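Pasting a structure here, questions to come.
The values are calculated or read from the model by the stated rules, or taken from the named source; none is laboratory data. None of these values were measured; they are calculated from a predicted model. All Cβ positions, even for glycine, are placed from backbone atoms using ideal geometry, and neighbour counts span all protein chains on display.
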Amino acid sequence: MKNVIELKHPLIEHKLAILRDKKTGTKEFRELVEEIAMFLCYEALADAKLDEETIETPICKMKTGKLNDDNYAFIPILRAGMGMLDGVIQVMPNAKIGHIGMYRDETTFEPVNYFFKVPKDIEKREVIIIDPMLATGGSAIDAIDLLKSKGVKKIKFLCIISAPEGLKAVTKKHPDVKIFTAHIDEKLNENKYIVPGLGDAGDRIYGTK
């Protein structure tokens, strides 16, 4: 899976340890999700193209590179993906934001789409999908399918925790999409939850359980 990039850094491992702990409260959990999302975004933008501009420092004029935020859009998968949004927009504050609403059918474990709203010129942008968990890969595949149907050519996917089964499914269906993850976990259990994982990210972000 050459297009899967796992962040391996002591600081990330430290933050993940706190994030996974069932004793970690809602406030700290949210803050950690935002921080890890920021690190993922930095890594995902390592290949970003810069526009050359001339600026003037207190000493002299110089040519430098600047990122054009208009070339990008962040798309959180509702609802858990919203927990990562504040982190990524700290990296690129003027990027456009879209939303994809999905939930998992508790019987079939398949994603059900209920909302899709993206910028009108989405096909002209590089799109970065954000969702804390990549378990079966169903939601990621559906989100990528929807965006490609709108003409989007360059897509990246950011997640905090991923399962090998989900990564395999997404890279098989969409080998052109780069996936950035803070950690690849062991497996999925019989209920399609990531092991060891961190529980239900949406419930822990919003304190609904």
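Please specify each residue of the range 69-121 satisfying the condition of being at pLDDT below 90, polar (S, T, N, Q) and surrounded by 13 or more Cβ atoms within 10 Å (Cβ to Cβ).
Selection gives ASN113 alone.
Please specify each residue of the range 15-64 satisfying the condition of being assigned to a loop (DSSP other than H, G, I, E, B), of a type in the set (A, V, I, L, M, F, W, C) and out of contact with any strand residue (DSSP E or B) (no Cβ under 7 Å at 6 or more places or on another chain).
LEU45, ALA46, ALA48, ILE59, CYS60
Out of GLY151, GLY98, GLY137, which single residue is small (Gly, Ala, Ser) and under 20 Å from ASP200 (Cα atoms)?
Going through GLY151, GLY98, GLY137 in turn, just one is small (Gly, Ala, Ser) and under 20 Å from ASP200 (Cα atoms): GLY137.
Still on this structure, I have one more. Tally the residues that are within 23 Å of LEU167 (Cβ to Cβ) and of a type outside the set (Gly, Ala, Ser), restricting the search to the range 15-34.
Going through the range 15-34 one residue at a time, the tally reaches 6.
If you go through the range 164-209, how many residues are part of a loop (DSSP other than H, G, I, E, B) and among the charged types (D, E, K, R)?
7
So that you can scan it fast, the table gives a plain yes or no per residue for (1) over 27 Å from GLY137 (Cβ atoms); (2) touching an Asp or Glu at 6+ places or on another chain (Cβ under 9 Å):
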| residue | (1), (2) |
| --- | --- |
| MET1 | no, no |
| GLU6 | no, no |
| ALA44 | no, no |
| LEU50 | yes, no |
| LYS63 | yes, yes |
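Residues checked against (1) touching a residue at least 24 places away in the same chain (Cβ under 8 Å); (2) under 16 Å from the mean Cα position of the chain (by Cα):
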| residue | (1), (2) |
| --- | --- |
| GLY166 | yes, yes |
| ILE179 | yes, yes |
| ALA182 | yes, yes |
| LEU188 | yes, no |
| LYS192 | yes, no |
| ALA201 | yes, yes |
| ILE205 | yes, yes |
| THR208 | no, no |
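While we're looking at this one, here's another question. Could we say that GLY166 is touching a Cys at 6+ places or on another chain (Cβ under 9 Å), crowded, with 18+ Cβ neighbours inside 10 Å and small (Gly, Ala, Ser) here?
yes
List the pairs whose first member sits in the range 1-20 and is under 15 Å from GLU34 (Cα atoms), whose second member is assigned to a loop (DSSP other than H, G, I, E, B), and whose Cβ atoms are under 7 Å apart, counting only residues at least 6 apart or on separate chains?
Listed by first residue and then by second, the contacts come to ILE18/THR24; LEU19/LEU198; ARG20/PRO196; ARG20/LEU198.
Okay, moving on. In the range 144-163, which residues are buried (at least 18 other Cβ atoms within 10 Å of the Cβ) and part of a strand (DSSP E or B)?
Result: ILE155, LYS156, PHE157, LEU158, CYS159, ILE160, ILE161, SER162.
A further question on this structure: Can you tell me which condition LYS120 does not meet? The list is (1) in contact (Cβ under 8 Å) with a residue 12 or more places away in the chain; (2) more than 20 Å from ARG30 (Cβ to Cβ); (3) not in a strand (DSSP E or B), and all the others hold.
The one condition LYS120 does not meet is (1).
Looking at the range 125-139, which of the residues that are in contact (Cβ under 8 Å) with a residue 40 or more places away in the chain and outside any strand (DSSP E or B) is surrounded by the fewest Cβ atoms within 10 Å (Cβ to Cβ)?
THR136
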